[in-house]
Amino acid sequence: MSAPVELWTRPALLDQVLRSRRDGRVEVVLRVAALAQPRRVLQLEQVLHALPGVASIALCIAARRVRVVFDAERLPLTQLLAACARAGCVAQPLQHDASGAAPGIALNASLKRLAVAGIFAMQAMMFALVLYLGAVNPLDPTTAHLFRWLGLVSAIPVVGYAAWPFYREALAGMRARRPGIDVPVALAIACIFAASVANALRGSGEIYFDSISMFVFVLLLGRHLELRAQARHRADGDAATDALPLLAQRRHADGTLETVAAVELVPGERVHVPEGDAAPCDGVLASERARVDASRWSGESRAVGHARGDRIAAGSVAVDGPLDLRVERTLATSSVAALERMTAAAQRARGLVGDDDAPAARRFVWRVLALAVATCAFWLWRDPARAFDATVAVLVVACPCAFGLAAPAVLTRSLALLSRRGVLVTRAAAVRALARVDRALFDKTGTLTEPALQPDRVETFRGVARETALRWAVALARESSHPVAQAIARVPADGVPLAHGVEIVAGGGVRGVVDGRPMRLGHAGFAGTDCDDAALWLADAQGPLARLPLAERVRADASACIKALQAVGVACALVSGDAPTRVRTVAAALGIAGWHARQAPADKLAHVRAGQAVGQVVLVVGDGGNDAAALAAADVSATPGGAVELARAHADLLLPAGLAGLPLARALAERAMQVLAQNRRWSLAWNLGAVPFAAAGLVPPWLAAIGMSASSLAVVLNSLRIRAARAPHAPPMALHERTT
Amino acid sequence: MAVAAQSLSSVPPSRAATGSPEEDRELSRIFTAYTISATFWLLFGTAVGLLLAFKFGAPDFWAAKYLTFGRLRPIHTNDVFYGFASIALVGCAYYVTVRSCGTRLYSATLARIGLWLFNIAAVAGTIALDLGYNWGDLEYREWPWPIRLVFFAALVVTVWNLLATIARRASKDIYLSNWYIIGGFLWTCVICLVAILPWYQKGLGQVAISGYFMHNAVGMWFTPLALGLFYYAIPKVLNRPIYSYALGVLAFWTNLIFYPMLGGHHFLFSPLPWWLQTTAIICSVGMLVPVLGGSANYLLTMRGRYHGRIESYPLAFLFIGVLGYLIGSTQGTVEALRSLQAAWHFTSFTVGHSHLTMYGFVTFAVWGGIYALLPLATGKNPGRFGVALHFWLALVGVSIYVISLSIGGTVQGLDWIRGKPFIQSVIDMEPYYLWRGVGGILMFLSHIVFAWNVWRMTKGQPGNAPSPIMEPEGEAAA
Amino acid sequence: MNALLILVPITLVLAGIAVGLFFWAVNHAQFEDLDTPKILPLLDAAPPRHGNDDAPR
């Protein structure tokens, strides 16, 4: 999207990209594609920092975004963009509602709470240590008293500030009548702190400021790590919205073009889409013929030819030359926006179901409370003077520290193992669901199959040898990460020359100089020949050099993956948007009984819902934008490496190393859940075993603290017993050839 | 590199990335002035130290009133602390801060005032101590309080100047070195105040404060400044970024958590409360976390380039400095354990330890920093032979010194534990004192060579050593 | 023990200052990107001897 910078003075556009802040400044989010280089990043940062009126800059490298807060009076947006361009980083402003609230805020708040908990827990422990040592070497009473107060002072920031999220979540859970693990946590913190304060004020009885501070710190640490993984994932997903163009070229009746904001378009107007740009609206093709690449949304990796009158979806990229559209629906109401809305809604619906810990936690909290009340009642009857201390001791001993750690410890360990095996988990809770999955829905194109070159059917022209043509094609193809290019690049070839001056044309192909000759590799139109969907073409200035026919091939790891899943009782089905014949052949090759062809995004979503309605736990594996809604609604979703960004944004598992990771992840998830159950049993056993002593008033606080640490340590060590199975040996490339 | 150059030229001059040539020269002059001052104090302070070393073997040598051990010893320690190491590290800190912030110095005048104040404090302190005016036997703070106040003023002036420089940095991020430098300055301002205020300096309170001050002066003044220097000089020399920036950030903040209560362990088995001592021991063990993290970070940055130590003497000095940091800090933790402390504390072993940290770590870091950065500032390299001579003399000297005192200190401690007469332990120590003198001579000789090298890097004829920045590795060419 | 009455509050105050510094750093986005700043020392004055070509590919 190369927009003239001057355009960004138009109020209609500025409204879309500038968000006003309460402090009178404005905020803009820029997409900067060039952010991969650290030097570039610093360069851009320094240039922006030096501009007058810039208040703050935040770069998110994963999302290729820069958030700038500045004073619009002193610095027009145009100057900001011009400065970026001067630094070699062309920046494109993004719609502010699309970019959402600043993602870093939650993470920053969590980091602050973690630091406060860490620093003051350390202080509290130091003061408590003095008191514990007092048990060995008697401490004079004044000093002991002083240190009890110091413990209180250092625990205040931890309990009053750092632990705040627990109270908030607990309250929210109670209000929604779904109390989760936060309820016992918050209750334990509040009760123990209150009791310790009371004892510090009375000057007698036990205090637990160190245990409570450490407890908060450890739980916050677990949550922070989880939050950080999610934030990183969201950054990746943010890139999905960037495909929607903000600008459009309106064609007037006299044929002249005017660049306007995409929102300004009105149905019935005519829009010009230059080659390589994305359509700013849903529309009807007004040009004679055009080819568009809708791979961002459909996952269909080949460009499709259209004739006048065909519908073209917003976000589709014009390939092989420009095209004109008649506006049918604007961006806001376009099919892409509708797809996104459906996806977001599906995700929200799942979010409500959420945490599996809730019932276990609920039982746990009621038991502890009942026990505390019973203890209190007993001692009030026997010896009222000891009632208070004994009740507090019960609460401390029964404090769900190990219980609260059980899940984060297991999940953190599993995620680390999985990422080493090429499975990236973006939503930790998915591991739980994965262990219980009993139905899997697979997309076909790009997920179970991949494009493949058929080397023996390569045709060459003008007397070029086949090997030479292949070498040239590979030289160009390996410069691109597009799945089709990668299929070519995989072809074994010797002595491949280095391509110079390489240029990737979106939706077209690769251009570059090989062996001193300028060449192009890409779709037929790009290479300068007629329409031909089934092959890539290699051409030089004089004309075509070779035709490289493509086939759809079942991925090498697909068969093993499906078999492994079926072996552990997961019913697999194929749900594809493709034609019935092709879907049937692939299903047969893979031994999948259930298959559905010609499925629209809503149909796929319906399949997920249907499975869930009968109590199944559904896994969806897909890579296209048309899978996004199903991915978002599924209990677990996975997407292979080359998936479109919209799909990646809604997937729980990313499989850059291929489908082999999926059965591996499933096995590991099962093991993790076993260990989690063990952890829970262990922490409950510890609590139940120690509580009688506490209730009898036999547990001094230092022993309770040691017990709490020991049981937490046991939980963490037990989690280390989760190990990944050896990666299954990938079978030799079995070629199930399917011509399309 | 071409890209980097472009980036600099595209920044508008208002908050320019680097200063004009004149401002660069100004920074170079300031760095030079600090280095020359520091070199003077190094020569003076270690000459006194050498004299002291021989007084162990020949107590009657030069026994005039002004040359007694009791007067010279604090002169030696205070001058190498506040004269040499502080001034040298502040000089390097100015260069590191200005360069890593990609900006110019806030005020050259303030930097000069700071240097004057540091020097006035050191001169006045030396004279006062030799005349017998001091503040009791409070180790490392023997200077009378008005003189200490002058030193404090120098700190305030410097931190003001550095903070104002950082405030005008060119990039959003404050580089890790500056965090260490500013953290060290702020902390030192606090402990200096704590150590000066008189109200609670009585009896055991004085003892506790003494331990607190002594340890924090080393741990929160010299250590952060030297680490900050490492974080800048090592990547600079290797022409390769630090291995893990995140690890460095983590180590910095963990340091802040663990350090505060460390001092008490200097007084194990003293009448201070047992619990205070135990707490200090536990904090010492906790300190291992940032120490190991930091050292691993430096060593991993050098990975694969160890052969470069031979080619690049700045790197050799920095490498020994990192090893000194690792070994010295670990040794400090081990020493803090009660059973070992029983044998070693109050013996010459502690003197060996303090030379391992102050010399093997801090001083080598300073030298590495000066050899790495001063040529970049002045454009003049020292001679290859001079630097090599300095390195080997200093390294062999300090090794002999530390090893002989470590063995000797252990012998001494065991003698005491066995209840032998005190004079027996003195007789047993004699050969080790002799070796200590030999090590001391080598170290002092190396300082003379260093002075010569500084002269060539600043005022004199530049030498034939290559640029401190090493060639990037072969892989970069692709 | 009077020294304690000074040292311990100072420790707490310093912990408070450390927290303050940390909050400042968080608010000023010092922890958002822990990879890029590492090349800051290499950015200023490129080595003058030879134009090495480790420019981005």
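Set the Förster radius R0 to 60 Å, insert the Cβ-Cβ distance between A:Glu73 and B:Leu445 as r into 1/(1 + (r/R0)^6), and round the FRET efficiency to 0.05.
Once rounded, the FRET efficiency stands at 0.35.
Taking the Cα-to-Cβ direction at A:Val284 and at B:Cys189 and moving 7 Å from each Cα, how far apart do the two end points lie in nm?
The two pseudo-label positions are separated by 7.4 nm.
Find which of B:Leu227, B:Ile441, B:Val48 sits farthest along the positive direction of the dipole of chain B, computed with +1 on the beta-carbon of Lys and Arg, -1 on that of Asp and Glu, about the Cα centre.
Farthest along the dipole direction, towards plus: B:Leu227.
Expressed in nm to one decimal, what extension gain is obtained for the pair A:Thr142 and A:Leu698 from 0.36 nm per residue of sequence separation less their Cα-Cα distance?
Result: 197.6 nm gained on full extension.
Would you mind getting me the FRET efficiency between B:Ala108 and B:Glu471? Use the beta-carbon distance for r and R0 = 30 Å, nearest 0.05.
Computed FRET efficiency for B:Ala108 and B:Glu471: 0.35.
For region B:396-410, what does the Karplus curve 6.51 cos²θ - 1.76 cosθ + 1.60, with θ = phi - 60°, yield as ³J(HN,Hα) per residue in whole Hz, taken in order and with x for Gly and Pro?
With the stated coefficients, region B:396-410 comes to 5, x, 5, 5, 4, 4, 5, 5, 5, 6, 5, 5, x, x, 5 Hz.
Okay, which of region A:582-606 sit inside 18 Å, backbone N to the point 7 Å along the Cα-Cβ direction of A:Val614?
Within reach of a label on A:Val614, which here means backbone N under 18 Å from a point 7 Å along Cα→Cβ, region A:582-606 contributes A:592-597, A:603-606.
For A:Trp595, enumerate residues with amide H under 5 Å from its amide H, sequence gap 5+ or separate chain, H modeled in the peptide plane.
Residues meeting the criterion, in which the H sits 1.01 Å from N, are A:Leu574.
Taking GluC sites (Glu not before Pro) that fall in a DSSP loop and have at most 16 other Cβ atoms within 10 Å as cut points, what is the longest piece of chain B between them?
Counting at most 16 other Cβ atoms within 10 Å as exposed, the longest clean stretch of chain B is B:140-472.
Kindly state, to the nearest 0.05, the FRET efficiency for B:Val289 paired with A:Glu467, given R0 = 56 Å and r defined as their beta-carbon distance.
0.40
Among the trypsin sites (Lys or Arg not before Pro) within region A:535-628, which fall in a DSSP loop and have no more than 14 other Cβ atoms within 10 Å of their own Cβ?
A:Arg598
Taking square-rooted eigenvalues a ≥ b ≥ c of the alpha carbon gyration tensor, is region B:340-470 rounded, prolate or oblate, where a/c under 1.5 means rounded and, failing that, a/b exceeding b/c means prolate?
Prolate, because a/c is 1.5 or more and a/b exceeds b/c.
Using modelled backbone amide H atoms (1.01 Å from N, in-plane), which distant-in-sequence or interchain residues come within less than 5 Å of A:Arg553's amide H?
A:Glu450, A:Ala452
Out of the trypsin sites (Lys or Arg not before Pro) in region B:142-246, which ones are loop residues according to DSSP with at most 16 other C-beta atoms within 10 Å?
Passing sites in region B:142-246 are B:Arg168, B:Lys202.
Using only protein heavy atoms and a 1.4 Å probe, how much accessible area in total is buried between A and B, to the nearest 100 Å²?
Buried: approximately 2200 Å² between B and A.
With +1 assigned to the C-beta of every Lys and Arg and -1 to the C-beta of every Asp and Glu, and no other charges, what is the dipole magnitude of chain B about the Cα centre in debye, to the nearest 20?
540 debye
List the residues, sorted by chain then number, that are 5 or more residues from A:Ala91 or on another chain and whose placed amide H is less than 5 Å from its amide H.
A:Ala85
Past 29 Å, Cα to Cα: identify those pairs from A:Lys563/A:Lys604; B:Lys172/B:Lys380; B:Lys65/B:Lys459; B:Lys459/C:Lys38; A:Lys112/B:Lys172, in the order given.
From the list (A:Lys563/A:Lys604; B:Lys172/B:Lys380; B:Lys65/B:Lys459; B:Lys459/C:Lys38; A:Lys112/B:Lys172), the Cα-Cα distance tops 29 Å for B:Lys172/B:Lys380; B:Lys65/B:Lys459; B:Lys459/C:Lys38.
Using the Karplus equation 6.51 cos²θ - 1.76 cosθ + 1.60 (θ = phi - 60°), what ³J(HN,Hα) coupling, rounded to whole Hz, does each residue of region B:153-162 give in order, writing x for Gly and Pro?
Along region B:153-162, the couplings run 4, 4, 4, 4, 4, 5, 5, 4, 4, 5 Hz.
Just subtract the alpha-carbon distance of B:Ile423 and B:Val438 from 0.36 nm times their residue separation and send over the number in nm, one decimal.
Roughly 3.1 nm would be gained on extension.
Per residue of region B:443-457, what does 6.51 cos²θ - 1.76 cosθ + 1.60 with θ = phi - 60° give for ³J(HN,Hα)? Whole Hz please, x for Gly and Pro, Karplus curve as stated.
Ordered by residue, 3J(HN,Hα) equals 4, 5, 4, 4, 5, 5, 4, 4, 4, 4, 4, 4, 4, 5, 6 Hz.
The values are calculated or read from the model by the stated rules, or taken from the named source; none is laboratory data. Just so it is clear, the model here is predicted, and its values are computed rather than measured. Neighbour counts run over all protein chains shown; Cβ positions are idealised from the backbone, glycine included. Keep in mind that these areas ignore ligands, DNA and RNA; they rest on the heavy atoms of the full protein, side chains included. Shrake-Rupley method; radii C 1.70, N 1.55, O 1.52, S 1.80 Å.
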